[in-house]
Amino acid sequence: MGLGAIGLMLLGIDAMTRGLKTAAGPSFMQLLQHWTKTPLQAVAIGGISTLAVQSSTAITVTTIGFANANILSLSAAAFVIYGSNLGSSLSAWLVAILGGSFKLEALALPILGVAVMLKLFSKQSRRQGMGEALTGFALLFLGLGFLKNSLASSFVHIDFAALTTLGVWGILLSMLAGILLTVVMQASLAVIALVITAVSTGAVPLEIGAAVVIGSNVGTTSTALLATLAATPIAKRVASLHVLFNVLTAIVALILLKPLLWGIAELARLVFQDTEPQFILALFHTCFNLLGVILMTPLTPPLLRWLDTLFRSPGQQPLFNLDQSSLAIPSLAIKAISLESMRSGQQIAQLALRMAQGSPPDAQLLEDSRDRLQQVHHYTAKLAQQTLSAQEAELLNVLVQNQLRLSMALQLLPGLARFLPEDAASFALETPYWQALSTSQQPLDRAGLRQAYKRFVRDRQQQKQSIVEEVLHARLKHDSGGNNLLKLAETRRFNQQLTKALLAFEKLHASFDRPEVSSRQAALLQATP
């Protein structure tokens, strides 16, 4: 029964996390991006997000992805992670209150019935996400109910109090157990639920339960570390801050374990008139995480300066900033891919500009551009394997379509170079436009580029008419005139594909700064710029 209960809890947490992320959609990303201007805001958003998603791991990995894609600053990401730890400690209150005051099986079954109907019969992805999230809550409640019954009977003959007789070693062993359980389960909420339930039934002493909870906090760093194995230096710095926060908090909590438990018990007796061990343990979890936030706030600026000197790659840092951590939320991955694709398009414009200035396309630079596009294609394929909403799938289709346009433009570029030997100024008309494309700041100035493209098209039309008139008045041979028109046609095709792709990527990137990306908006992204 105990193993089955843990299985139900893990299934519930997984469904709850996926459902709430689907229900939040791009607005979750906007919340993290726009409301983290100050440390206090970042801590609050980190805590609220963890309470909403019920997974500090999901928030941590997502925050690393934001920092990795340069959407969040390193300082903001640090305080979001601090808040995420505080939010996970507040989740313990949910377990303590429900586990002690309700018959969870009776509460879970009605929720499960409503949730499944909402998921099966709703056509909107957000309502389906809410249905999946409620299903997760129901499974979590069922698991907690079965877990309480199983612990009350299974652990009755096991003397966990013997660990307290070992002194410091017993506490350290309990903390190690919390670390290992969290690493294995990959869900700190499940471990906290297990410990609080065991403490509430009297199977585990309060002091031992507190040590396991401290270990669970440290164990949550494993997922963040795994997410940064192939990440950029920025992501590794964020993960390092996460580890430093949890380790420092654990050390302080271990040193102050007995005084903290005594003080919290007195506070619970005086303020809440309640000395139930599960409430004391939940309050202990919140207090030592809050203490960690207070301690880390003045230490963060010097730590950031120190970490800035670490994880530096030799030579120039590549622009490619997509890794596994950005896949935590598909909307984040789509935005990051859009930004990276814009950079790839600008790199192609820079190659064209070099060619216009008299330098034939360098084979190595062309190969580097192809490799960059191939990396983006591979990452997009990984995203396609994730669970996507209908809107996200449509946006992914827009991404692939415009990545193919970039590939087409890159393939056309070497063919344009054949016009240079005949006339070194073959691309004098295109040079200002390619200059505007390659030097535009990120994100691109869509209105400015549209105006530049319109001027370029107008000038090209005038040049085409001029070629026709020169041939008509015999000032230009037919062969030369035909060759000039061929050059205009091929550069038109190159510029059209490159411009469409860049404007589509910029529009896709900017779309997540609006409240919601609808199916209609996704369709409009495919329209000709």
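Each peptide among 110-118, 73-81 gets the average number of other Cβ atoms lying within 10 Å of its residues, and from highest to lowest they stand as 73-81, 110-118. Residue 309 to residue 381: FRET efficiency via 1/(1 + (r/R0)^6), r the Cβ-Cβ distance, R0 35 Å, to the nearest 0.05? E between residue 309 and residue 381, to the nearest 0.05, is 0.45.
Average 1/r across all pairs of distinct alpha carbons in region 386-491, invert it, and you get the Kirkwood radius: 16.6 Å. Annotation: extensible slack from residue 97 through residue 294 equals 68.3 nm (criterion: 0.36 nm per residue apart, minus Cα-Cα distance). Among the listed pairs 37/507; 464/500; 382/454; 236/500; 454/477; 487/507, those with a Cα-Cα distance over 26 Å are 382/454; 236/500; 454/477; 487/507.
A simple spin-label model places the labels of residue 255 and residue 493 7.1 nm from each other, with each point 7 Å out along Cα-to-Cβ.
Listed peptides 368-376, 134-142 appear in the order 134-142, 368-376 once ranked by packing, highest mean of other Cβ atoms within 10 Å at the front. A straight chain from residue 466 to residue 269 at 0.36 nm per residue would run longer than the Cα-Cα distance by 61.7 nm.
What FRET efficiency would be calculated for the residue pair residue 455, residue 357, taking the C-beta separation as r and a Förster radius of 30 Å, to the nearest 0.05? The value I calculate is 0.90. Kirkwood-type hydrodynamic radius, region 344-440: 14.8 Å, calculated from all non-identical alpha-carbon pairs. Sorting 458, 405, 475 by accessible area puts them as 475, 458, 405; the probe is 1.4 Å, largest comes first, and only protein heavy atoms count.
Packing-based ranking of 42-51, 379-388, 171-180 yields 42-51, 171-180, 379-388, ordered from highest to lowest mean Cβ neighbour count within 10 Å. Within region 377-438, the GluC sites (Glu not before Pro) that combine a DSSP coil assignment with at most 13 other C-beta atoms in a 10 angstrom radius are 422. On the beta carbon distance between residue 225 and residue 485, with R0 = 51 Å, the FRET formula returns roughly 0.30.
The values are calculated or read from the model by the stated rules, or taken from the named source; none is laboratory data. Computed from a predicted structure; not experimentally measured. Counting neighbours? That spans all protein chains shown, and the Cβs are built from the backbone with ideal geometry, glycine included. These area figures cover heavy atoms from the full protein model, side chains too; ligands, DNA and RNA do not enter into them. Shrake-Rupley method; radii C 1.70, N 1.55, O 1.52, S 1.80 Å.
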